[in-house]
2 protein chains.
Amino acid sequence: MKRVAILGSTGSIGVQSLEVIAQFPDRFTVCGLTANSQTEMLQRQIERFRPDIVAVMEERYAEKLRQTRNGYGPALCAGLDGLIAVATHPEADLVISALPGSAGLIPTLRAIQAEKTIALANKEILVMAGELVMRTAAAAGAQILPIDSEHCAIHQCLAGQRIEQVERLILTCSGGPFRDVDRSAFASISPADALAHPVWEMGRKVTIDSATLMNKGFEVIEAHWLFGLPVDRIDIVIHPQSIIHSMVEMVDGSILAQLGVPDMRLPIQYALTFPERLNVSWQRLDLMQRRELTFAPPDFDKFPCLRLAYQAGQAGVTVPTVLSTADEVAVEAFLQARIGFSDIPDIIAETITAHEHRMDDAPNGTFSLPSILEADVWARAFCADLVNTSSTNPLHVS
Amino acid sequence: MKRVAILGSTGSIGVQSLEVIAQFPDRFTVCGLTANSQTEMLQRQIERFRPDIVAVMEERYAEKLRQTRNGYGPALCAGLDGLIAVATHPEADLVISALPGSAGLIPTLRAIQAEKTIALANKEILVMAGELVMRTAAAAGAQILPIDSEHCAIHQCLAGQRIEQVERLILTCSGGPFRDVDRSAFASISPADALAHPVWEMGRKVTIDSATLMNKGFEVIEAHWLFGLPVDRIDIVIHPQSIIHSMVEMVDGSILAQLGVPDMRLPIQYALTFPERLNVSWQRLDLMQRRELTFAPPDFDKFPCLRLAYQAGQAGVTVPTVLSTADEVAVEAFLQARIGFSDIPDIIAETITAHEHRMDDAPNGTFSLPSILEADVWARAFCADLVNTSSTNPLHVS
């Protein structure tokens, strides 16, 4: 019986994780949950899965839960300390890290230090602080298993292979909803347009990141930290059908790939059970029904976020932190219709440039947590200013 | 330095193996070669690779080699004992088994008993005597590595996976030269038509087997023995581009695949160096250039050899032996234009039916070598009679 704590249980990955867990009651129990504002859903999850401990970020939501509780009542806590209490709960064997964006960094680091196995759905954590996270995991002997279809695919392809015989990783990319939209139309893309992803149903932030292809850029940096290859040996290929989830090319030219239907329950199941696999009854890939798989090179000019991510990955230290934070701010501003779709990469690029000037002036950036948090705080403020300037442009006011 | 003996050095696989070996003189030496009638090519190979021992099947060819030798002279021997002497040469670490058809069975078994690593290019050996070969290999602790793009792909996909978590194997099949030819035109297919394979350049026997899809049927039985799954969990998918070389579906629905350019040097290299891989400069798969990969179900009615192979694989014992022998005789008769293309499956089916009647009358078939050799001798004679009867039909006389 594996005891699971979920950081972010009411998000897309959290909900699907509980779906997998519910199907295998003889294999998993839930010992902890955290959420933010969706208290009704959280209350239903509490009644169904009976965790020992529950945390929410804000005290007012904890209060709401206390009022609605009827019968079963777990320990209830709030704030960052509450999240950490769930992440480090002594009963937990495995922690699913599915809080959005930078909010997940500290609780996940604490779970790693507590030697939990981490099923990592939050790629921003590795973008922001990959060196620190991997170093902490190595020191604690904590395993990190990616809940991301691409990295799960690579993890499977690398099983039984020698990492020094790997030539490169090839991340597949659906191309997002704007693959076939002309670049000239990008300025008029609305949040609703960008939230309609052709293949995956996901949270709002990652859906926008998938539309700008920043999500794929993040995945390059994520793969760099998870598998230890430099970013210039991690390539992207556009594959609209999202059947091949990613590939590994070996030194002899042989390419290993993992295929499947696009269903996040598969990487969730993989991370929950590795090195075992569950015999699941979900829809399977029937290649006889899939008439064709196609491939094309990515367009770096049309999707500047992709280039920004490679550049940040190559620059290293706190540049990817700033990339991630600036993206978080810019995407939120776009979702609020305060800036346009094409402004996202511009604002991120400007923030990175300013950060690099800061680093030139005071080259004290390191992989330490204080450096990372400082870069995050700086970028958040700088970027918010850029958004405010940008959104005074009447074109962008909703 | 790995010392390699090659059984069948002048055939397609033998020649390509020497090409790989020649590229890595610091890794491999050749200690033994065998061939049949192509003495001039063999002589050039002897001068180039300087083996300790060389064998040919017929004494007259050994004599020819003795006459043409100038300078370097290895030990020369002839007949089955000669082949066995090469196969069991004390210096050899690895034996490439690339003799065509049933001729390779006994030398390969002897190499296995001598605890050599076997790079197996001859699939008929596993079709004829899979249980015996695998049991002998297990007893001797000899590793068998397939030189066949499909089985090499599966071997790579299974690395690091647990065999009990495998749901099924999926062999890809180009569909052969007659994939899009109407069945009604099959009777008029000439040997020249059938020898023009769209993807792979191979020996004559395997090229005809690829046209009837018997080759794929053999591969199902081969995979059954190599990887231990029953034939009904080994499926075939038509994939005309021959880029995905085969796949493994796990119990959780995840499919692992191996991709690459169609180049037999890759599986040869893999078998020669496993678990290492060579950093080769050969043409690589560029998926950006490959606009599409397509898949379709196989047509068992159009290609009856496929169904015959599954049936023989399920029947077991000496039925696959008879399948292989009857195919050898029928294909040779077709190449001599003594029978038509559509007669191949008919003759094999008739031979199998007669063999099954014999087994009903005297159910003494076992997996022992005498049983296998007896079934082979019987099938060869029975099938030759069928060919003679068939070829008195004036339609089939060339």
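The values are calculated or read from the model by the stated rules, or taken from the named source; none is laboratory data. These numbers come from a predicted model, not from an experiment. Cβ coordinates were reconstructed from backbone atoms using ideal geometry, including for glycine residues, and neighbour counts include every protein chain displayed.
How about the range A:96-108: which of its residues are in contact with a helix residue (DSSP H, G or I) (Cβ under 6 Å, 6 or more places away or on another chain) and among the hydrophobic types (A, V, I, L, M, F, W, C)?
The answer is A:Ile96, A:Ala98, A:Leu105.
Take the residues in the range A:208-233 that are among the aliphatic types (A, V, I, L, M) and either part of a loop (DSSP other than H, G, I, E, B) or free of Cβ contacts under 8 Å to residues at least 24 places away in the same chain (or both), then tell me which one is surrounded by the most Cβ atoms within 10 Å (Cβ to Cβ). Outline the logic, then answer.
Restricting attention to the range A:208-233, the residues satisfying the condition of being among the aliphatic types (A, V, I, L, M) are A:208, A:211, A:213-214, A:220-221, A:223, A:226, A:229, A:231.
Narrowing further to those that are either part of a loop (DSSP other than H, G, I, E, B) or free of Cβ contacts under 8 Å to residues at least 24 places away in the same chain (or both): A:213, A:229.
Numbers: A:Leu213: 30, A:Leu229: 19.
If we take residues in the range A:208-233 being among the aliphatic types (A, V, I, L, M) and either part of a loop (DSSP other than H, G, I, E, B) or free of Cβ contacts under 8 Å to residues at least 24 places away in the same chain (or both), then A:Leu213 is surrounded by the most Cβ atoms within 10 Å (Cβ to Cβ).
I want to confirm something. Restricting to the range B:254-284 and keeping residues that are within 22 Å of the chain's Cα centre (by Cα) and of a type in the set (Val, Ile, Thr), which single residue is surrounded by the most Cβ atoms within 10 Å (Cβ to Cβ)?
B:Ile268
If a residue has to be assigned to a loop (DSSP other than H, G, I, E, B) and free of Cβ contacts under 8 Å to residues at least 24 places away in the same chain to count, how many in the range B:165-194 make the cut? Write out each step before concluding.
From the range B:165-194, those assigned to a loop (DSSP other than H, G, I, E, B) are B:174-182, B:189-190; that's our starting set.
Filter once more, keeping what is free of Cβ contacts under 8 Å to residues at least 24 places away in the same chain: B:180-182.
Summing the residues that are assigned to a loop (DSSP other than H, G, I, E, B) and free of Cβ contacts under 8 Å to residues at least 24 places away in the same chain in the range B:165-194 gives 3.
Within the range A:360-372, can you find the residues that are aliphatic (A, V, I, L, M), at pLDDT 80 or above and surrounded by fewer than 17 Cβ atoms within 10 Å (Cβ to Cβ)?
Of the range A:360-372, the ones aliphatic (A, V, I, L, M) are A:362, A:369, A:372.
This time we only want the ones that are at pLDDT 80 or above, so: A:369, A:372.
Selection gives A:Leu369 alone.
What single numbered condition from (1) at pLDDT below 95; (2) within 27 Å of B:Pro297 (Cβ to Cβ) fails to hold for A:Met247?
(1)
Exactly one of (1) surrounded by fewer than 18 Cβ atoms within 10 Å (Cβ to Cβ); (2) assigned by TED's automatic domain parsing to the domain that holds A:Pro240; (3) more than 18 Å from the chain's Cα centre (by Cα) is unmet by A:His197. Its number?
A:His197 satisfies all of (1) surrounded by fewer than 18 Cβ atoms within 10 Å (Cβ to Cβ); (2) assigned by TED's automatic domain parsing to the domain that holds A:Pro240; (3) more than 18 Å from the chain's Cα centre (by Cα) except (3).
Tell me which of these B:Gly82 doesn't satisfy, since it passes every other one: (1) surrounded by fewer than 19 Cβ atoms within 10 Å (Cβ to Cβ); (2) under 22 Å from B:Glu58 (Cα atoms); (3) more than 19 Å from the chain's Cα centre (by Cα).
The one condition B:Gly82 does not meet is (1).
Let me confirm something: among B:Gln269, B:Gln289, B:Gln283, which residue is modelled with pLDDT of 95 or more and closer than 27 Å to A:Phe295 by Cβ?
B:Gln269
Among the residues of the range A:336-349, write down those that are buried (at least 17 other Cβ atoms within 10 Å of the Cβ) and assigned to a helix (DSSP H, G or I).
Listed by number, the residues that qualify are A:Asp343, A:Ile344, A:Pro345, A:Ile347, A:Ile348, A:Ala349.
Hydrophobic (A, V, I, L, M, F, W, C), touching a Ser or Thr at 6+ places or on another chain (Cβ under 7 Å) and modelled with pLDDT of 95 or more - does that describe any residue in the range A:171-192?
yes
Here's a check for you: in the range B:105-119, which residue that is surrounded by 19 or more Cβ atoms within 10 Å (Cβ to Cβ) and of a type in the set (A, V, I, L, M) is nearest to B:Val377 (Cα to Cα)?
Top of the filtered list is B:Leu105.
Within the bounds of the range B:141-164, is there any residue that is away from chain A (no Cβ under 13 Å), under 18 Å from B:Ser246 (Cα atoms), part of a strand (DSSP E or B) and of a type in the set (A, V, I, L, M)?
Yes, the range B:141-164 has at least one match.
Quick one: which strands (runs of 3 or more DSSP E) lie wholly within the range B:234-329 and hold at least 2 residues that are in contact (Cβ under 8 Å) with a residue 60 or more places away in the chain and more than 7 Å from every other protein chain (Cβ to nearest Cβ)?
By residue number, B:234-238, B:244-250.
Taking the range B:324-344 as the region of interest, how many residues are among the small types (Gly, Ala, Ser) and under 21 Å from the mean Cα position of the chain (by Cα)? Before the answer, list the steps.
Taking the range B:324-344 as the starting set, the residues that turn out to be among the small types (Gly, Ala, Ser) are B:324, B:326, B:330, B:333, B:337, B:340, B:342.
Retained after the next criterion (residues that are under 21 Å from the mean Cα position of the chain (by Cα)): B:324, B:326, B:330, B:333.
So the answer is 4.
Just the residues that are farther than 20 Å from A:Glu150 by Cα, touching a residue at least 40 places away in the same chain (Cβ under 8 Å) and not in a helix (DSSP H, G or I), please, taken from the range A:96-115.
Passing the criteria: none in range.
If you go through the range A:200-207 one residue at a time, do you hit one that is outside the structural domain of A:Leu94 (by TED's automatic domain parsing), free of Cβ contacts under 8 Å to residues at least 40 places away in the same chain, more than 20 Å from the chain's Cα centre (by Cα) and surrounded by fewer than 24 Cβ atoms within 10 Å (Cβ to Cβ)?
Checked the range A:200-207: no residue is outside the structural domain of A:Leu94 (by TED's automatic domain parsing), free of Cβ contacts under 8 Å to residues at least 40 places away in the same chain, more than 20 Å from the chain's Cα centre (by Cα) and surrounded by fewer than 24 Cβ atoms within 10 Å (Cβ to Cβ).
Looking at (1) crowded, with 24+ Cβ neighbours inside 10 Å; (2) in the same structural domain as B:Ala271 (by TED's automatic domain parsing), can you tell me which one B:Ala159 breaks?
So B:Ala159 meets the others, but not (1).
Report whether or not B:Ile21 is surrounded by fewer than 24 Cβ atoms within 10 Å (Cβ to Cβ), touching a Lys or Arg at 6+ places or on another chain (Cβ under 9 Å) and in the same structural domain as B:Ala111 (by TED's automatic domain parsing).
Judged against the criteria, B:Ile21 is a match.
Restricting to the range A:340-359, and then to whatever is aliphatic (A, V, I, L, M) and at pLDDT 95 or above, can you tell me which residue is farthest from A:Gly217 (Cα to Cα)?
Here the residue is A:Ala354.
Quick check on my filter: what residues within the range B:85-104 are of a type outside the set (Asp, Glu) and either surrounded by fewer than 18 Cβ atoms within 10 Å (Cβ to Cβ) or farther than 18 Å from B:Leu373 by Cα (or both)?
Scanning the range B:85-104 gives B:Ala85, B:Val86, B:Ala87, B:Thr88, B:His89, B:Pro90, B:Ala92, B:Leu94, B:Val95, B:Ile96, B:Ser97, B:Ala98.
Restricting the first residue to the range A:27-48 and requiring it to be of a type in the set (Phe, Trp, Tyr), which pairs with a second residue that is outside any strand (DSSP E or B) and crowded, with 23+ Cβ neighbours inside 10 Å meet a Cβ separation below 7 Å and a spacing of at least six or different chains?
Here the result reads A:Phe28/A:Leu272, each pair linking the range A:27-48 to a residue that is outside any strand (DSSP E or B) and crowded, with 23+ Cβ neighbours inside 10 Å.
Anything in the range A:165-182 that is more than 14 Å from chain B (Cβ to nearest Cβ) and either surrounded by fewer than 13 Cβ atoms within 10 Å (Cβ to Cβ) or among the acidic types (Asp, Glu) (or both)? List them, or say none.
Listed by number, the residues that qualify are A:Asp180, A:Asp182.
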